[in-house]
Amino acid sequence: MPSTSLTHPELRNGLSNHEPMVISALRELGATKAHLQRYQALMAPKIRPMDAPECPIANDAQLLDWRGRRENYGGVFEYLSGQYQTLGLQPFLNHYLPMLAEGISGGAFHPLIRLGHAVHDRNDREVVAATAYWVWAYQALAYPSSDKPIAADPGDVLESLLNDQNWPEHPFEMPTITEAFEQVVNHPDYAALRFQITPDSLSFQRLNQLAIDLFWMHDDFTLLHGVTGMLAIGRVRRWLADERLLLEPMWRALVVAWLSTGLRWQPAEEPSSLPSLSLMQLRTLAAHGTRDHTVKLVAACLANFRKTERALYLHAAEREVLNDTQLQAMI
């Protein structure tokens, strides 16, 4: 797995490099080889080459010193490549994800999302790249200092979280989602919030349901990442000895993501019937897309619908397709 064959996890403009994730999602949607090549041609000018290793890494202790520093990606990737070749997929994930779980929100969930695509595709090189990205972008978000865990339903906690609280009703306007999350946990009113719940109150199914519910309420770009992030957890956790490892950090990150939008809980009626566009139409349309988040979200929604048969996923996919001006002309 030569490092020269991979690119930097961020684009030249400093935003996440979605290309590996979108190529994976397009393939899942059945995109043609010609369309994959068109998408890659569009992305080529934006891609940042991988930096040469700034500092060699000799062991895990040194690796952890680079966690969250957003430096030496080439060195991190080079070290983890060797570790992966020694360990193989499952031991590698079980060794490194416990070291990284607390930083799940880093890079706006994109290292997690990229890892989900990688394990789904059984793409060894991408597993290493995603894990290296996670180390590089690691972001641990603290609970409010006086918060104590209680047994409660996550949806109930989130619904009442901002009742009688002085919290901004506007989004935290920052250049990146990651920076907005930092602003949330450093906001003076964050200390008064209470949302820590006991591990037994968290399940994958409930958090997965909550992620799509939040996105459906407001069609918000930040909350979209919760849907694709939960799909990634579903794909990664089957390789973990502790399938619950990522749930508590993800709950905390979902709440911070919600807080960063300035939105309020506003239950939206769940459609009882299927949307106008069929599953096959949604799949075909998204397979012609070039807008990163449309492609990934629709692929995630269709994958979740196949597992849960919850029609809301199809409605969310249809809404995303109809919001994409490029795809509107094909309907």
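The values are calculated or read from the model by the stated rules, or taken from the named source; none is laboratory data. Bear in mind that the values here come from a model prediction, so they are computed numbers and not experimental data. All Cβ positions, even for glycine, are placed from backbone atoms using ideal geometry, and neighbour counts span all protein chains on display. Keep in mind that these areas ignore ligands, DNA and RNA; they rest on the heavy atoms of the full protein, side chains included. Shrake-Rupley method; radii C 1.70, N 1.55, O 1.52, S 1.80 Å.
Taking 8 Å as the Cα distance limit and 6 or more residues as the minimum spacing, I'd like the relative contact order of the chain as a percentage.
Result for the chain is 20 percent.
How much net charge surrounds ASN13 when only other residues with a Cβ under 12 Å from its Cβ are counted (Lys, Arg +1; Asp, Glu -1)?
With Lys, Arg at +1 and Asp, Glu at -1, the neighbours total +2.
With springs only between Cα atoms under 10 Å, which of ASP124, ASP65, ASP153 fluctuates most in a Gaussian network model of the chain?
ASP65
How high is the relative contact order of the range 1-83, given as a whole-number percent (alpha carbon pairs under 8 Å, six or more residues apart)?
Reported relative contact order: 35 percent.
Under the rule of at least 5 residues apart or a separate chain, name every residue whose amide H is placed under 5 Å from the amide H of ILE197.
ILE150
Rounded, prolate or oblate: which fits the range 57-114, taking a ≥ b ≥ c as square roots of the Cα gyration tensor eigenvalues, rounded meaning a/c under 1.5, else prolate when a/b beats b/c?
Verdict is oblate for the range 57-114.
Could you work out the relative contact order of the range 2-152, using alpha carbon pairs under 8 angstrom and six or more residues apart, expressed as a whole percent?
Worked out over the range 2-152, it gives 26 percent.
Which of the chymotrypsin sites (Phe, Trp or Tyr not before Pro) across the range 217-275 are loop residues per DSSP, with 16 or fewer other Cβ within 10 Å?
TRP265
Take the Cβ-Cβ distance between GLU169 and PHE204 as r, set R0 to 22 Å, and report the resulting FRET efficiency rounded to the nearest 0.05.
0.10
Fully extended, how many nm does the chain gain between MET217 and LYS307 (0.36 nm per residue separation, minus their Cα-Cα distance)?
Here the segment from MET217 to LYS307 would lengthen by 30.2 nm.
Anyone know which of ASN186, ASN72, ASN17 comes out most mobile in the 10 Å Cα GNM of the chain?
Greatest mean-square fluctuation among the candidates belongs to ASN186.
At 1.4 Å probe size, with the rest of the protein present, what percent of the exposed accessible area of the chain is carbon and sulfur atoms?
50 percent
Once the convex hull of the C-alpha atoms of the range 134-196 is built, how many Å³ does it hold per residue, rounded to a whole number?
Taking only Cα atoms, the range 134-196 has a hull volume of 118 Å³ per residue.
Once amide H atoms are placed 1.01 Å from N in the peptide plane, what residues at a sequence separation of 5 or more from GLN139, or on another chain, have their amide H within under 5 Å of its amide H?
GLY103, ILE104, SER105, GLY106
What shape does the range 61-174 take by its C-alpha gyration tensor, where a ≥ b ≥ c are the square roots of the eigenvalues and a/c under 1.5 counts as rounded, a/b above b/c as prolate, and the rest as oblate?
Because a/c hits 1.5 or more and a/b exceeds b/c, the range 61-174 counts as prolate.
Testing the spin-label approximation: label points 7 Å from Cα along Cα→Cβ at LEU87 and ILE47. State their distance in nm.
About 2.7 nm, to one decimal.
Going by amide H atoms built from the backbone, whose H comes under 5 Å of the H on GLU10, apart from near neighbours?
Residues meeting the amide H criterion: ASN17.
Could you pull out the GluC sites (Glu not before Pro) across the range 57-134 that fall in loop regions by DSSP (anything but H, G, I, E, B) with no more than 14 other Cβ atoms inside 10 Å?
Sparse-neighbourhood loop GluC sites (Glu not before Pro): GLU71.
When the Cα centres of the range 124-162 and the range 26-43 are compared, how far apart do they sit, in Å?
Taking the Cα centre of the range 26-43 as reference, the centre of the range 124-162 is 32 Å away.
What share of Cα pairs, in percent, lie more than 36 angstrom apart in the chain?
17 percent
Restricted to Cα positions, what overall size does the range 221-309 have along the principal axes? Three whole-Å values, descending.
Cα spread of the range 221-309 along its principal axes, largest to smallest: 36, 35, 29 Å.
Tell me the per residue accessible area of the range 121-216 using a 1.4 Å probe; a whole number in Å² is fine.
On a per-residue basis, the range 121-216 sits at 46 Å².
Per the helix-only calculation at 222 nm, which mean residue ellipticity applies to the chain, given -39500 (n - 2.57) for every DSSP H run of n ≥ 4 and division by its residues, nearest 500 deg cm²/dmol?
-17000 deg cm²/dmol
Grab the eigenvalues of the alpha-carbon gyration tensor for the range 1-79, scale each by 5, take roots, and send me the semi-axes largest first in whole angstrom.
Equivalent ellipsoid semi-axes, largest first: 29, 13, 11 Å.
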